[in-house]
Each structure stands twice: as structure tokens, then as C-alpha cells.
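J.: One structure follows; several queries about it will come next.
The values are calculated or read from the model by the stated rules, or taken from the named source; none is laboratory data. Note that the coordinates shown come from a computational prediction; the quantities given were computed from them, not determined experimentally. Every residue, glycine among them, receives a Cβ derived from its backbone with ideal geometry; neighbour counts consider all protein chains shown.
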Amino acid sequence: MKLPLRILSLEDDPRDAELVQETLASDDLTCLVTRVESEADFIASLERGTFDLILADYTLPSFDGLSALKIARQRWPHVPFIFVSGTLGEEVAIEALNNGATDYVFKTRLSRIVPSVHRAVREAGERMELRRAEMALRRSEAYLAEAQRLSHTGSFGWNVSSGELYWSRETFRIFEYEPAAVASLGMIAQRTHPEDLPAVQQLIERVARERKDWDFEHRLLLPDGSVKYLRVMGHPSSDDLGGFEFVGAISDITETRRAEAELRRSETYLAEAQKLSHAGSWAVDVAGMDNIYWSREMYRIFGLDPAFSPPSYSEVGRRLHPDDTKYHAIVQQAIRNKSDFETDYRLVFPNAPIKYIHVIGHPVVNASGDVIELVGTAMDVTEQHEAGAALETAFEEIKALRDRLYKENIALRDEIDKTSMFEEIVGESPSLQAVLARVAKVAPMDSTVLITGETGTGKELIARAIHKRSPRSAQAFVSVNCAAVPASLIASELFGHEKGAFTGALQRRLGRFELAEGGTIFLDEVGELTPETQVALLRVLQEREFERVGGNHSIRADVRVITATNRDLEKAIAAGAFRKDLFYRLNVFPIEIPPLRQRKEDIPTLVEYFIHRYSRKAGKKIGTIEKRTLELLQSYSWPGNIRELQNVIERSVIFCEGDPFTMDPSWISLETSAPKEGGTATARKSVAQEKEAIEAALAESGGRVSGPSGAAAQLGVPASTLESKIRTLKINKYRFKGF
């Protein structure tokens, strides 16, 4: 069914509009006529609806036809415009046609409107089709240009007769010329790489003469120094006028060439890596069980020439050691199970040693789930096998030597233990011998030992002697000074921590108890442990297990615990600073070491021992001791005990030039050396008394802790121990500066 013709009629006389509609209807032109009289209605109607034709009177009371024509041409140029007027002169009609009117019809000759409308509608349809074709062409050209841009492929045309060139925009982009430039053979020569220019010029001459298809690659050297790789293809063609030309495509294959170069480089690296690692790669077609790919290293492993195709699968099988033919069954099982496989076999050669091969294979499955190929690697592990065999032989020899050495040393061990057990513990006094007798009794046992005594009496030496004489002597002896570790870190130090347990815990760390597994751990200054750490230590002693800081997994502990302190733990228990139950667990076997002032008969022996030790270190020969010096040393009460004596002797040896050994009397003060039974100035006191004594020493030393005149020397304790006590008792040592 034919749609009615939609007409916008600009007419002030309704009868004229009806007459036009009747005239068109008489020729079977069905019309829908919308009549308007004013400019506003004219524009509004065009904006609201779609019209096939505009019929306009030239003269209206408030509007005119030429103005309507100008508006229509500006905004709706595709709609045909016909003047239907009774007053249109020849000049006005010409002006109307020049301004874009399709036609004009006089009202007095209205019969002409039918062919005029037919022609106008036909021409409008033709113009619409042309416009659609132009739009399709522009869209096609845009698609082509975008496709060329994405594929880095430009097009060209070369008229050989005239020398004219046509380049697409992408071709200009490839050569990096402005699209406004006129393409020429000279522009090609200007951009062509100098090394490729002769070949390009020869190509142009040859194809112009032969007029055949061509496919050629060359390089461009661009102004910025970069290089492009091009592939140029041309096809001969003749135009309508008999002229000869080439049409073709220019592809920028730079990325492809770089990828190929990178691939070749990777293949070279892979081949070199396979050569260095003695590992070749292979592929087998499962359908015929044929080797379809071997790397060069595979040929080298099998002693074959890589110039030939890979040997057949059966030929490889013939080189297997007779005891390794199970390899075929392993391969078949991997195919059936569609699974990876890994095995070893040996290769037998007529005039060469056997090779040991380690092979790994992987099945390749198609979309149907069938195994179509096997790919894998074969490694020549002959050197590793020979090295392993040699290593096993060496291990056997080492084991035999070790066993013989062990048997030879068994007879010496008891004698060595007896002579060296107390080699660093010097003295013959009854009080010291009583301590050593207790050490000999408790050492073979696994009991916990608590060593007490003033600072500097040698508590760690006694602990080491117990360990050395114990069944754990072959294992580790781990010593921890509890006072030297900050309170916030002592738990981590003893029991370890997990990664992330606290700020700075970047990885898991084993604690001292784990390091001492099977051996002995010595906890010096155990009285300085925090309450939380005391609980954890009690658990170790009771249940023989602990947890790392930040962990939730219990760790068994097979460790002997020996502790030491110079504090009165019973008073610390009374003050609430130490757990009573922990004290009973530690005090299974107490050993109290006497201070040096209670074993003065050992001083000459100790002095002689230290003089010999430090004079040998210093390269000096000191064989005698000045009598007055020895008397002075024996008369001093040594609040710092053996450690203080050791330091004084070492200092004196440094100053001595030779025999006899002498000492500066000012280094010890007889007035301050009166024996203080019950320990040093800080030992065996309450917390308040201990704090008072430390503050008095700090006031006398002007806030100095270490050094000859420091508070630590006055109190006879190590500087690290005193620093720990200062932190524990929250003493501000800086307020004593300048006293």
C-alpha cells in the first residue's frame, strides 16, 4: 500500500489549498496536507513532523514565500520546495529557483502541479539515495582507514607512465610525512635505509619493466634515527584510458621483525641453557609414536647429527639398556592416564660409556580429550650419577675413619674429662672444693640447678662445668644473661617468635630454648625476669613445653635448665617480685659459690694464673711477684670477686715492663674494701634498700655507670647488670649528673 504524500502548505486561502489537494488527488496522488499561514506555524510544523513536500504561496499577510524558502533551505534542505502563486513574476521566479526552489506553478495553470510534484518527489528520492551512497562511501573509507591504522598497513597507487603516486593516510603515517604532501618516488628514496636503497631502486626499475606482481621487504631510516621494517606488495593494473599502474599495500612489520628477533634470541638462550644443563627437549606424535621434534641438545645427548630428522621412536628404544625397557610401559601408562611422568633410563653406545638420562614428559590433550602428543625434556645426569657414586664411596670412607677415630678416642675421654673438667676453675680452698664436689655429684643427673653467689664469683664457669660432665655434653650449651635483654624482648629471646608477632618481627625466629634442644640452657640473673616470663619458664619446667611469642603451637623442650642469681630470691618472693612456685622448681639442687674474701688462700694461685695468662697474651715474661703487691692483693676484700681481681691483674700486666709483677695501690681502696657479709652492696637487699644503694652510688659517681669510678665499680656489679636494675627500679640516672 502506497503511503500518502505529506505536504506542508504555506497558504492564507483555505480554498486554494483544497483546490491543490483535489488536483493532486485527481491523478491518484493521495495527500495529507497541513496548512499554515504564519512564520511561527511554518517552523513549528517542520520541527514537529516529517514532510515530503513544501507548497508555498509567494505573498501572505504576515509572511512571504522567499523567506520561507530560505528557512527551509537552511534547516530542511532535503525537502522539495514548490511555489504555487498567482502573483509570481519572472524575475521573482528566477530568484526563487536560484535560492533552491524546485519549481514554481501559477494558480491559473494549476494542472502543471501534478508533473511538478512527481518530478520534485523523484528528484528528492534520488538526492536521498545519493546522500545515502555518499554516507556509505565515507563510512567505508573511515572503516578502511581505521583498519589500515590498526593493521599498520597502508595502500598506494603508482602510475608508471606518469610517475604519479597515490598514498593513503596510513602510508603517509608509515613514512612519517604530512598527509598534505604530494607523494613521490623521491620521498621513498629519502626515507629508505642507505643500506637498502640500491635494492629498492633496482626493484623500481625491474617491476616498471616487467610489470609483474612483486613482494619486497626493506627498511626505513627515519629522521629521529629509528628504523622501520616494511613489506611492500604490488599488483599490475590498467586504467580505463589504457595507462599502466601498480596498486598495492605497504605494511609496517617492525613489531613482527622485533618479535622474531626476540624469539631467535630466546631460542639461542634456550639452546645455550640446554647445552649448559645437558637438557634437551622433545615431542612425540602419539598416533604413530614418532619423534616429531628434537632440540640440538637431544642430538648431542644421543650422539647424532642434528642435520637429519629425529630418529624413530623404535630406534631410540634400541639404545636403551636392557634393564630399562620398562620405560615404554611408563610412557604408555602416562598416555592412558593422561598424566605427567618422570623416570630414568640408561643409554648404551657401542664404543662409548653408558649415559644416565633423567626424563620428564607431559601429555598434550586435544578438545576431544585425546592425547595427541607427548612433550618433555631429557637430562644427561651422567656426571651427577658419577659424582653421587664417588660421594657415596667418600662417605663410606669417612664413616670408617670416623668409627675408628671414635674407638681410638674412647680410652682418652675419661682421662680428658678428669683433667679438664675444672681447668678454668682455679683454687684449692676447702670452700671451693666443696662446691666442686657438689658439681661432680649433680652433673650426671638431669636435675635443675640454682647457682647463687655474689657477682664475679664465676657462676657461669660452674654451670659450664656441670654441662661438660653431664650426658648432654655433646650438645649445645646456651647462655642467656636475663638482665642484659630488655624486658619487652626477653620472652622472644628465650622462646622465639612467629612472623608478625610484634612490630619488627619480619620472620620466624627460634628462641634460646630451641637452640639448646638436647643440651643445657644457662639463665644468668634469673631474678631479673618479668612476671610474664616467669610464668612461661615455670611451664617449661613443669610440662616440658612452651609456645613461641605470637604462636599457638606447643613445642616440646628437652633441655636441662641451670640458673644463677646474685639476688636473695627469698626476699624477692616476699616483696612479690619473684614467684614462689618457680623458685621451688629452680632450687632443686642449690649451689652457693663463696666470695673471694672467704677463700683468700686461693688469691696467690689466682694471681699466678692470671699473670701467666695475660703476660703470654702481651708477649711479656713475668715470673715473680713483688711481695708487697701480693700482700696488698690478699688484704683487699674484693667486692667484685674474681672478675675484679682478673681486671686488676690484666691492667697491671699492661703497665708492667717485666719482673717482678707490681700493681698500683691506688687501684684498690682498702678503706672501702671492708667485707660486707651477705654479698655486694646491691645483693640480698630489699627493693627499697637496693634502690637506695644504687642512687647513692650514682650520686657519688656523678651519674656515671661504667668505668673505674662508675657506680657499677663501686657496687661491684657488671655495668650491664646495673643498667638493667636502673631500668627495672625506674631510676633516672641523669638527675645525678653534675653532683
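J.: Name the residue, out of VAL359, VAL365, VAL371, that is in contact with a Gly (Cβ under 7 Å, 6 or more places away or on another chain), assigned by TED's automatic domain parsing to the domain that holds TYR269 and either free of Cβ contacts under 8 Å to residues at least 40 places away in the same chain or more than 25 Å from ALA271 (Cα to Cα) (or both).
T.: On the way: VAL365 fails: in contact with a Gly (Cβ under 7 Å, 6 or more places away or on another chain); VAL371 fails: in contact with a Gly (Cβ under 7 Å, 6 or more places away or on another chain).
The unique qualifying residue is VAL359.
J.: Here's another thing I want to ask about it. For the subset of region 368-399 comprising residues that are crowded, with 16+ Cβ neighbours inside 10 Å and of a type in the set (Asp, Glu), which member is farthest from GLN332 (Cα to Cα)?
T.: Step one: filter region 368-399 for residues crowded, with 16+ Cβ neighbours inside 10 Å, giving 371, 373-374, 376-382, 385.
Next, only the ones that are of a type in the set (Asp, Glu) stay: 373, 380.
Numbers: GLU373: 12, ASP380: 22 Å.
Applying the filter and picking the extreme gives ASP380.
J.: Also, I was wondering about something else. May I ask you to list the residues in region 614-625 that are surrounded by 14 or more Cβ atoms within 10 Å (Cβ to Cβ) and either outside the structural domain of PRO665 (by TED's automatic domain parsing) or not hydroxyl-bearing (Ser, Thr, Tyr) (or both)?
T.: At the first step, the residues of region 614-625 found to be surrounded by 14 or more Cβ atoms within 10 Å (Cβ to Cβ) are 614-615, 620, 622, 625.
Matches in region 614-625: LYS620, ILE622, ILE625.
J.: Could you tell me which numbered condition ILE71 fails, if it satisfies all but one of (1) at pLDDT 90 or above; (2) in contact with a strand residue (DSSP E or B) (Cβ under 8 Å, 6 or more places away or on another chain)?
T.: (2)
J.: Can you tell me which of (1) outside any loop (DSSP other than H, G, I, E, B); (2) surrounded by fewer than 13 Cβ atoms within 10 Å (Cβ to Cβ) is the one GLU217 doesn't meet?
T.: Unmet for GLU217, out of (1) outside any loop (DSSP other than H, G, I, E, B); (2) surrounded by fewer than 13 Cβ atoms within 10 Å (Cβ to Cβ): (2).
J.: Also, I was wondering about something else. Farther than 26 Å from THR452 by Cβ, out of contact with any His (no Cβ under 6 Å at 6 or more places or on another chain) and modelled with pLDDT of 80 or more: which single residue out of PRO665, PRO639 fits that description?
T.: Working: PRO639 fails: farther than 26 Å from THR452 by Cβ.
Within the list PRO665, PRO639, the selection yields PRO665.
J.: Of all residues in region 360-370, count the ones that are assigned to a strand (DSSP E or B) and farther than 24 Å from SER277 by Cα. Write out each step before concluding.
T.: First pass over region 360-370, keeping only residues assigned to a strand (DSSP E or B): 360-365.
With the extra rule that they be farther than 24 Å from SER277 by Cα, the set shrinks to 364-365.
Selection size over region 360-370: 2.
J.: Let me ask you something else. For region 184-219, enumerate the residues that are farther than 16 Å from ALA249 by Cα, under 51 Å from the mean Cα position of the chain (by Cα) and of a type in the set (A, V, I, L, M).
T.: MET187, ALA189, LEU197, ALA199
J.: If the requirement is being at pLDDT below 80, outside any helix (DSSP H, G or I) and touching a helix residue (DSSP H, G or I) at 6+ places or on another chain (Cβ under 8 Å), which of these qualifies: GLY738, GLY707, GLY678, GLY703?
T.: On the way: GLY738 fails: touching a helix residue (DSSP H, G or I) at 6+ places or on another chain (Cβ under 8 Å); GLY678 fails: touching a helix residue (DSSP H, G or I) at 6+ places or on another chain (Cβ under 8 Å); GLY703 fails: at pLDDT below 80.
So the residue among GLY738, GLY707, GLY678, GLY703 that is at pLDDT below 80, outside any helix (DSSP H, G or I) and touching a helix residue (DSSP H, G or I) at 6+ places or on another chain (Cβ under 8 Å) is GLY707.
Residues checked against (1) touching a residue at least 60 places away in the same chain (Cβ under 8 Å); (2) aliphatic (A, V, I, L, M):
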{"site": "ARG139", "(1), (2)": "no, no"}
{"site": "ALA147", "(1), (2)": "no, yes"}
{"site": "GLY157", "(1), (2)": "yes, no"}
{"site": "VAL160", "(1), (2)": "yes, yes"}
{"site": "GLY163", "(1), (2)": "no, no"}
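J.: Being surrounded by 17 or more Cβ atoms within 10 Å (Cβ to Cβ) and at pLDDT 90 or above narrows it down to one residue among GLU525, GLU514, GLU498, GLU493; which is it?
T.: Numbers: GLU514 fails: at pLDDT 90 or above; GLU498 fails: at pLDDT 90 or above; GLU493 fails: at pLDDT 90 or above.
The unique qualifying residue is GLU525.
J.: Specify the residue that is modelled with the highest pLDDT; the eligible residues are those in region 131-184 that are surrounded by 12 or more Cβ atoms within 10 Å (Cβ to Cβ), among the acidic types (Asp, Glu) and part of a loop (DSSP other than H, G, I, E, B).
T.: Per the stated criteria, the residue is GLU176.
This table checks each residue for (1) within 25 Å of THR457 (Cα to Cα); (2) in the same structural domain as PRO471 (by TED's automatic domain parsing); (3) touching a residue at least 60 places away in the same chain (Cβ under 8 Å).
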{"position": "LEU529", "(1), (2), (3)": "yes, yes, no"}
{"position": "ARG556", "(1), (2), (3)": "no, yes, no"}
{"position": "ASN566", "(1), (2), (3)": "yes, yes, yes"}
{"position": "LYS571", "(1), (2), (3)": "yes, yes, yes"}
{"position": "ALA575", "(1), (2), (3)": "no, yes, yes"}
{"position": "PHE578", "(1), (2), (3)": "yes, yes, no"}
{"position": "TYR584", "(1), (2), (3)": "yes, yes, no"}
{"position": "VAL588", "(1), (2), (3)": "yes, yes, yes"}
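J.: With the checklist (1) over 20 Å from GLU383 (Cα atoms); (2) at pLDDT below 85; (3) of a type in the set (A, V, I, L, M) in hand, flag the one item ILE253 doesn't pass.
T.: (2)
J.: Oh, and also: Which of the following residues is over 18 Å from TRP167 (Cα atoms) and out of contact with any helix residue (DSSP H, G or I) (no Cβ under 6 Å at 6 or more places or on another chain): GLU245, GLU260?
T.: On the way: GLU245 fails: over 18 Å from TRP167 (Cα atoms).
Criteria check complete, one pass: GLU260.
J.: Still on this structure, I have one more. Here's a check for you: in region 18-30, which residue that is farther than 12 Å from ILE113 by Cβ and surrounded by 11 or more Cβ atoms within 10 Å (Cβ to Cβ) is modelled with the lowest pLDDT?
T.: Top of the filtered list is THR30.
J.: When residues of region 541-566 are filtered for being touching a helix residue (DSSP H, G or I) at 6+ places or on another chain (Cβ under 6 Å), surrounded by fewer than 22 Cβ atoms within 10 Å (Cβ to Cβ) and part of a strand (DSSP E or B), how many remain?
T.: The total comes to 1.
J.: Where in region 429-528 are the helices (runs of 4 or more DSSP H), entirely inside, with at least 2 residues that are closer than 30 Å to VAL648 by Cα? Break it down stepwise before answering.
T.: Values: elements: 430-442, 459-468, 490-495, 512-515.
In region 429-528, the matching helices (runs of 4 or more DSSP H) lie at 430-442, 459-468.
J.: Another question, then. Checking GLU91 against (1) part of a helix (DSSP H, G or I); (2) surrounded by 14 or more Cβ atoms within 10 Å (Cβ to Cβ): exactly one of these is not met. Which one?
T.: So GLU91 meets the others, but not (2).
J.: Okay, moving on. Restricting attention to region 597-605, does a residue exist that is basic (Lys, Arg), over 51 Å from the mean Cα position of the chain (by Cα) and in a loop (DSSP other than H, G, I, E, B)? First the steps, then the outcome.
T.: Keep residues of region 597-605 that are basic (Lys, Arg), which gives 597, 599-600.
Retained after the next criterion (residues that are over 51 Å from the mean Cα position of the chain (by Cα)): 597, 599-600.
Narrowing the set further to residues that are in a loop (DSSP other than H, G, I, E, B) leaves 599.
Yes.
J.: Looking at region 591-629, which of its residues are within 14 Å of ILE425 (Cβ to Cβ) and of a type in the set (A, V, I, L, M)?
T.: ILE591, ILE593, LEU596, LEU606
J.: While we're here: Determine which member of the set VAL435, VAL480, VAL439 is among the β-branched types (Val, Ile, Thr), closer than 19 Å to ARG544 by Cβ and touching a residue at least 24 places away in the same chain (Cβ under 8 Å). Show your work before the answer.
T.: Details: VAL435 fails: closer than 19 Å to ARG544 by Cβ; VAL439 fails: closer than 19 Å to ARG544 by Cβ.
Result: VAL480 is the single residue among VAL435, VAL480, VAL439 that is among the β-branched types (Val, Ile, Thr), closer than 19 Å to ARG544 by Cβ and touching a residue at least 24 places away in the same chain (Cβ under 8 Å).
J.: Then there's this: Within region 89-114, how many residues turn out to be touching a residue at least 24 places away in the same chain (Cβ under 8 Å), touching a Ser or Thr at 6+ places or on another chain (Cβ under 9 Å) and not charged (D, E, K, R)? Before the answer, list the steps.
T.: Going through region 89-114, the residues touching a residue at least 24 places away in the same chain (Cβ under 8 Å) turn out to be 92, 95-96, 99-101, 107, 110-111, 113-114.
Pick out the ones that are also touching a Ser or Thr at 6+ places or on another chain (Cβ under 9 Å) and you get 92, 107, 110-111, 113-114.
Now drop any that are not not charged (D, E, K, R), which leaves 92, 110-111, 113-114.
Counting residues in region 89-114 that are touching a residue at least 24 places away in the same chain (Cβ under 8 Å), touching a Ser or Thr at 6+ places or on another chain (Cβ under 9 Å) and not charged (D, E, K, R) gives 5.
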